[in-house]
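Presented below is the structure to which this report refers.
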Amino acid sequence: MDFRFTEEQERFREEVRDFLEEELRKGSFQPREDAWTGAFSLEFSRKIAEKGWIGLTWPKEYGGQGRTYLDRLVFMEEVLKYGAPLAAHWMAERQMGPSIINYGTEEQKKYFLPRIIRAEVTFCAGMSEPGAGSDLASLQTRAVEDDNGFVINGQKVWTSRAHLSHYIYLVARTDPNVPKHKGISEFIVDLKLPGITINPLTDMSGGQHFNEVFFDNVRIPKTALIGVRNRGWYQIAAQLDYERSGLERIMSNYPLLSAVTAYAKETRKNGKPLSEDPLVREKLAKLTVEFEVGRLLIYRVAWMLTQGKLPNYQTALAKTYGSEFEQRLANCALDIFGLRGQLLAGSKWALYGGRPPRNYLFSRGYTIQGGTSEILRNVIAIRGLGLPTG
Ligand SMILES: Cc1cc2nc3c(=O)[nH]c(=O)nc-3n(C[C@H](O)[C@H](O)[C@H](O)COP(=O)(O)OP(=O)(O)OC[C@H]3O[C@@H](n4cnc5c(N)ncnc54)[C@H](O)[C@@H]3O)c2cc1C
């Protein structure tokens, strides 16, 4: 692995940083944790789109930039550092675009890719169900084919941003009479269709970013199918690797790391800056070392993709390490902030607008979404270490 960026990549990093500094000055966003999933601003996404930074790695013929995964990594590192709002184009760019590029028809590519690149359409991911999470292949939502298309019945759950999206990427069972992995297909479904009901769910941090989505005899055209009927499971496997291996797995809480480091420097305890307390210093140094290790694990995946190699257990490794680091960071920040750090937004004494405790609660989900740590450890054991499946 080459640890250096090219001069062009360094110049690109500067360009992204200048843009973000300028937008911060103009007040177009406030840095926050989880901004990639929780801060939804189509206006901001369109500013990024105008710069040509959505679909950086996608083919030029559909409006992409044809750049490398490492270029994208440089871009992502800066936007995540600044805690800029990315949620409006997140799912479309990270998962839907690559899926359509790999498996879509020419019509789907021509229709959706330019619209995603211009941040005109938003997507959510409808995979999990009440009885199918880690074991996604057990899903029960049915898509029954007839002469005019498919009829969908069933329920999805934990669907992030469904209430804000134009389309749902839906995984449904198209053949119940074959082994469960072999009867699944993928669809793009317009969320305005009759028969779709979206109910908000409140997470334990008080946020309402995910939902239940119900499908009651929803009729969709045949053109909604992505790729090959009943091959959905095998198509998803590649998509989940995209989902797992981004820098967001280690940088969701980056603004909190910056905030707690600044706090330790600025706050005095017994006449001395808090950062001179050996326990606080050790905690911050440890977090910084851990962050650098996690960052390299994710760089490795991007580097492999750039070399045309398919990452395997490496994505599971990076996601497990990164999401567990983020939880340690949230925990450690609460220790360093002390009692005031536990106050939620609304209290005049809350630090950083009550972000630390909200984040502490929200980061519980990091080791669940995109594959739980237990499942990913199984992947590392089987695919990485070659241990028996048990
Ligand atoms: C913040 C957040 C956002 C999400 N957004 C979305 C979204 O947009 N779209 C979507 O489709 N889903 C989304 N999800 C759902 C997520 O993908 C599932 O929660 C996850 O896959 C786990 O499934 P489950 O909740 O059904 O838990 P289960 O699969 O029931 O697991 C329960 C527990 O059992 C353990 N376990 C299960 N099987 C095994 C095994 N074989 N070996 C060892 N341990 C095991 C798990 O690790 C876990 O601790 C989101 C979840 C969160 C927290």
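The values are calculated or read from the model by the stated rules, or taken from the named source; none is laboratory data. Quick caveat: nothing in here was measured; it's all calculated off a predicted structure. Cβ placement follows ideal geometry from the backbone for every residue including glycine, while neighbour counts extend to all protein chains displayed.
Mind checking which residues of region 144-186 are crowded, with 23+ Cβ neighbours inside 10 Å, within 16 Å of the ligand (Cβ to nearest atom) and within 15 Å of Asn217 (Cβ to Cβ)?
Ile152, Leu170, Ala172
Mind checking which residues of region 8-57 are surrounded by 15 or more Cβ atoms within 10 Å (Cβ to Cβ) and of a type in the set (S, T, N, Q)?
Residues satisfying the conditions are Gln9, Ser28, Thr37, Ser41, Ser45, Thr57.
Here are some residues: Gly131, Gly63, Gly126. Which one is within 16 Å of the ligand (Cβ to nearest atom) and over 21 Å from the mean Cα position of the chain (by Cα)?
Answer to the check: Gly131.
Restricting attention to helices (runs of 4 or more DSSP H) lying wholly within region 267-380, give those where 2 or more residues are within 30 Å of Ala237 (Cβ to Cβ) and away from the ligand (no atom under 14 Å from the Cβ).
The helices (runs of 4 or more DSSP H) meeting that bar are 278-306, 313-337.
Taking Ala137, is it within 16 Å of the ligand (Cβ to nearest atom) and either of a type in the set (Gly, Ala, Ser) or surrounded by fewer than 20 Cβ atoms within 10 Å (Cβ to Cβ) (or both)?
Here the answer is yes, as Ala137 does meet what is asked.
Among (1) modelled with pLDDT of 95 or more; (2) surrounded by fewer than 17 Cβ atoms within 10 Å (Cβ to Cβ); (3) in contact with a strand residue (DSSP E or B) (Cβ under 7 Å, 6 or more places away or on another chain), where does Ile226 come up short?
Condition (2) is where Ile226 drops out.
Considering only region 104-113, I want to know if a residue exists there that is within 16 Å of the ligand (Cβ to nearest atom), surrounded by fewer than 23 Cβ atoms within 10 Å (Cβ to Cβ) and either under 25 Å from Gly66 (Cα atoms) or under 15 Å from the mean Cα position of the chain (by Cα) (or both).
Looking for residues that are within 16 Å of the ligand (Cβ to nearest atom), surrounded by fewer than 23 Cβ atoms within 10 Å (Cβ to Cβ) and either under 25 Å from Gly66 (Cα atoms) or under 15 Å from the mean Cα position of the chain (by Cα) (or both), one finds none in region 104-113, hence no.
Please tell me if Val178 is within 24 Å of the chain's Cα centre (by Cα) and either in a loop (DSSP other than H, G, I, E, B) or among the hydrophobic types (A, V, I, L, M, F, W, C) (or both).
So Val178 fails the test.
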